[in-house]
Amino acid sequence: KGTCTPWLRWEVNAAHGLSMLVNDMLLSADTEDVRSNVLVRLNDERMQTKGAKEAVVNELGQVMDSVSAAIITVDPKLTVIQWNMTAARMTGMSREEVTGRSLLDLLDPASVEEVTSALSTSMQGVDVKNTKMTIVREAGGERIE
């Protein structure tokens, strides 16, 4: 809903403690081989985490594209970050055309206030229903509701 759950105090302390432990290990290592080994292991962990994250992102993208409803995701600044295949079919605008653009640039001026109000409420964790959004295609000014 626009924000991540904040870390709990003990999670911050644990991360900081782990950072200090790794730093101490690297500083107290007698040889360059030990330092290299620690750094290689940390990099391996980072790469595994990155691979898992990419797999989740790919799977989520496939699920979004398989849905028959248009899904448009924006960040808190209303920049389009997701645009599924149904949204592309309905509007005639590809994911590449709209990703990174402001949603406000795509909306009919008459629907900007209603949409921004609904998104603001939604980003506070409150469900919003029955909001009308009209997107204007650049070519010819055609409106899609």
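Things worth noting here:
- Flag for Ala88 being part of a helix (DSSP H, G or I), of a type outside the set (Ser, Thr, Tyr) and modelled with pLDDT of 75 or more: yes
- Segment 45-62 residues that are assigned to a helix (DSSP H, G or I), paired with ones that are surrounded by 10 or more Cβ atoms within 10 Å (Cβ to Cβ) (beta carbon under 9 Å, 6 or more apart): Leu60/Gln82; Gly61/Gln82; Gly61/Asn84
- Residues located in segment 54-100, provided they are over 20 Å from Thr131 (Cβ atoms), within 14 Å of the chain's Cα centre (by Cα), assigned by the TED database to the domain that holds Ala118 and open to solvent by less than 60 Å² (accessible area, probe 1.4 Å): Gly100
- Residue in segment 113-125 that is more than 20 Å from the chain's Cα centre (by Cα), open to solvent by 90 Å² or more (accessible area, probe 1.4 Å) and modelled with pLDDT of 85 or more present: yes
The values are calculated or read from the model by the stated rules, or taken from the named source; none is laboratory data. Source: prediction; values computed, not measured. When we count neighbours, we look across all protein chains shown, and the Cβ atoms used for this are built from the backbone with ideal geometry, even at glycine. Side chains are part of the model used for accessible areas, which takes the heavy atoms of the whole protein and leaves out ligands, DNA and RNA. Shrake-Rupley method; radii C 1.70, N 1.55, O 1.52, S 1.80 Å.
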